[in-house]
Amino acid sequence: MPQPLFSSRARPLTGTVRVPGDKSISHRALILGGLSVGKTTIEGLLEGEDVLATARAMRAFGATVEHLGPGRWRVVGRGVGGLDEPADVIDCGNAGTGMRLLMGTAAGQPITTFFTGDGSLRRRPMGRVAAPLAQMGVKIVARDGGRPPLAVIGPETLMPITYTLPVASAQVKSAILLAGLAAPGETTVIEPKWTRDHTETMLRHFGAEVRVRDDADGRHITVVGEPDLTGRPVIVPADPSSAAFPAVAALLVEGSEITLPGVGTNPLRFGLFETLLEMGADIELTNRRIEAGEPVADLIVRHSRLKGIDVPPERAPSMIDEYPVLAVAAAHAEGATVMRGLDELRVKESDRLAATANGLAACGVRVAVDGDDLTVHGAGNGVPGNATIAVDLDHRIAMAFLVLGMAADETVAIDDEAAIATSFPGFKDLMNGVGAAIGTSGATA
Ligand code: S3P
């Protein structure tokens, strides 16, 4: 039974919010741990449904994956080319990242791997990964439109390729680089628009040779195939994409000041915070440091009066998952915020462009979608709320609208809380612990 959640006006949000580990980095740590020889210890792994599905998958490929304590995991890998053929279908749940990265991983083995996922993932396009893998000699059999369930059949010898990404997707880039590990010679991905570089950083961390060069046609990322990867310790930063929700909540709720410790500040992930700063947000970055090759800082976020701005399309890859919550911030801002170049939002866990626009309209916010651009007209004097939002298996839509409810005139509900555990287990209790009023009934919320 779907469980609705209600979010009513919050008290000032104050205190420390410990956001769970980065989803992107957690998937990669488990996968690269499984492709390494020896022991990988992981601190701060996200124990959300998406990542747990990848942990199960790596076990099915023959790696030893053990849960040692909260966020602490140990992986003993099989080495590049050493994975077993899974005895059953790999179920990636809701995780597009999990499926795409694992498709690249499976492609590097002369084995057949079957993949499926939940109703959301089975709607999502995998042809964008299948196309470059096919050039490497991999056979992929999928449903219409390249959709899962699908099978990946790895060849005896994979061909290294040079591939220009037709869409700005770190998942596609990563799938190719992971497959490239098993190919003799050099595999190069050219990205005309830069995308998150966690795979490159972590590949180096585990001992692979990765070269990066910026050229007129984009960034060239080359991995040298058949490396000996060695198990390494990994510290996973708090996820900036999850930190986005409490951060925007604190900006919107009067009198708030919260601290978010150890949040990843990789510039290729930090577009939302850059945008909020331009909108006039009071966000301080302190205690900046590097952990396992990734930049991290503590964020202090205070209630702020925001103003609408124009968000350029070039920024989209660095904040692709954050548009729903940015649109919520924009709804409370003074004036219009125009977010341009959002085509990729249509193929996320749900059609997030439509879900965001429809949800805001239901809450009494004036919005317009023009092609791939979303305009939110912030009235600056409050959002009516008083709506129930259909989550459609999308965790970020669920959390964005709960945040909207924290500063709306009337309660906002989501129709199913289950999706939140995909990326942010404990969201409700964590937020209620600092002053939010999220509950399972409208009256007690
Ligand atoms: C991710 C990349 C992004 C992002 C997703 C995680 C990753 O997807 O939306 O949540 O870990 O590489 P695309 O690269 O397909 O845009």
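A few notes on this one:
- Cα extents of the chain along the three principal axes, largest first (Å): 63, 45, 44
- Segment 16-74 and segment 109-152: distance between their alpha carbon centers, rounded to Å: 23 Å
- Expected-Rg normalisation [2.2 N^0.38 Å, Cα atoms] applied to segment 23-235: 0.92
- Highest-first arrangement of 375-384, 77-86, where packing means the average Cβ count within 10 Å: 77-86, 375-384
- For segment 156-194 versus segment 336-371, the gap between their alpha-carbon centres in whole angstrom: 31 Å
- Packing-based order for 65-75, 207-217, using average beta carbon neighbours within 10 Å, highest first: 65-75, 207-217
- Environment charge at residue 384 (Cβ cut-off 15 Å; Lys +1, Arg +1, Asp -1, Glu -1): 0
- Surface composition of the chain: carbon and sulfur atoms hold 50% of the protein heavy-atom accessible area at a 1.4 Å probe.
- Remark: the chain carries a charge dipole of roughly 440 debye about the Cα centre, counting +1 on each Lys and Arg Cβ and -1 on each Asp and Glu Cβ.
- Pairs from 139/173; 39/428; 23/139 whose Cα-Cα separation, in the structure shown, is over 24 Å: 39/428; 23/139
- Accessible solvent surface per residue of the chain, calculated while the other protein chains remain in place, 1.4 angstrom probe, Å²: 35 Å²
- Among 231, 104, 335, residue whose mean-square fluctuation peaks in a GNM of the chain (springs only between Cα atoms under 10 Å): 335
- Neighbour cut-off at most 11 other Cβ (10 Å), DSSP loop, GluC sites (Glu not before Pro), segment 120-204: 156
- Positive end of the dipole of segment 23-235 (Cβ unit charges, origin at the Cα centre): among 231, 92, 181, the Cα lying farthest that way belongs to 92.
The values are calculated or read from the model by the stated rules, or taken from the named source; none is laboratory data. Remember, predicted model here, so these are calculated numbers, not experimental data. Backbone-built Cβ (ideal geometry, glycine too); neighbour counts: all protein chains shown. What goes into the accessible areas is simple: the full protein's heavy atoms, side chains included, and nothing from ligands, DNA or RNA. Shrake-Rupley method; radii C 1.70, N 1.55, O 1.52, S 1.80 Å.
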